[in-house]
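What follows draws every value from the coordinates through simple rules; no lab data is involved. Only a predicted model underlies this, so the values are computations on that prediction, with no experimental measurement involved. Cβ sites come from the backbone with ideal geometry, for glycine too, and all protein chains shown count toward neighbours.
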Amino acid sequence: MATPANNLIQLIDSICVAFDNSAYYPEFENGVLVSTFCNFFVCEVAKGVGCEDLFDPITQKPMMADDMVKFVSGSDHWQELRVMGLPPDAMFIALKSVQSWANQGYLTIACLTGAMLGSAHGHINVIRPGIMKESGKWGSVPVCANVGKENFIGRAKSGPMKDQPCGINEAFVPMPRFFSWKGN
């Protein structure tokens, strides 16, 4: 049986291995973003910790982000960690709880559908173990490993937070939904 320490090490290792996969770098044509791979990244991390839930059961390929959000929203294998819509004091406590789940070695994700983002596709990333970072818009926020328009794991790559430690505030404009996998 896996211990909490082993779960944490396995999660960190899975995040690092997947993050280093150059196949997940965003693709640009003539300076225009054409493809991102958040769903592939999250699936690789999930598989690394023993979770096969985010693969299409027929094709065995990673689901699209929108399909992942729909799946985890209705699955008994995933626990939603509610943050959206809470007053500031309760949001602070809820965000600390999100970070705590990741720090204990649980696969924890942040996600939004394309409809919630006003976009053709949704976005999903992994909350990584670590220390929460300060955000101008949400106060202290969980840290994440993000693959998408920008790939970052600790510091913002552009914008007003460039080269500064950051968390989910740099990956999402609206507050995302959070889910933690309950395990096998």
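In the set Asn39, Asn7, only one residue is touching a helix residue (DSSP H, G or I) at 6+ places or on another chain (Cβ under 7 Å) and either free of Cβ contacts under 8 Å to residues at least 12 places away in the same chain or at negative phi (or both); that residue is Asn39.
If you go through the range 47-70 one residue at a time, do you hit one that is touching a Lys or Arg at 6+ places or on another chain (Cβ under 8 Å) and in a helix (DSSP H, G or I)? The answer is yes, given that some residue of the range 47-70 is touching a Lys or Arg at 6+ places or on another chain (Cβ under 8 Å) and in a helix (DSSP H, G or I). Listed by first and then second residue, the pairs with beta-carbon distance under 7 Å, at least 6 apart or on different chains, first residue in the range 168-184 and assigned to a loop (DSSP other than H, G, I, E, B), second among the aromatic types (Phe, Trp, Tyr), are Met175/Trp138; Lys182/Trp78. Residue pairs whose Cβ atoms lie under 6 Å apart, sitting 6 or more positions apart in sequence or on different chains, and linking a residue in the range 113-128 that is more than 27 Å from Val17 (Cβ to Cβ) to a partner that is among the hydrophobic types (A, V, I, L, M, F, W, C) and assigned to a loop (DSSP other than H, G, I, E, B), are Gly114/Ala120. Looking only at the range 139-160, filter to residues that are touching a Pro at 6+ places or on another chain (Cβ under 9 Å) and part of a loop (DSSP other than H, G, I, E, B); which one of those is farthest from Ala23 (Cα to Cα)? The extreme case among them is Val143. Just one of (1) buried (at least 16 other Cβ atoms within 10 Å of the Cβ); (2) closer than 24 Å to Asn21 by Cα; (3) of a type outside the set (Lys, Arg); (4) in contact (Cβ under 8 Å) with a residue 24 or more places away in the chain fails for Leu54. It is (4). Among the residues of the range 75-123, the ones that are touching a helix residue (DSSP H, G or I) at 6+ places or on another chain (Cβ under 8 Å) and in a loop (DSSP other than H, G, I, E, B) come to 12 in all. Might you check whether a residue that is over 17 Å from the mean Cα position of the chain (by Cα), surrounded by 11 or more Cβ atoms within 10 Å (Cβ to Cβ) and closer than 27 Å to Glu134 by Cα occurs anywhere in the range 8-20? Yes, there is a match, as at least one residue in the range 8-20 is over 17 Å from the mean Cα position of the chain (by Cα), surrounded by 11 or more Cβ atoms within 10 Å (Cβ to Cβ) and closer than 27 Å to Glu134 by Cα.
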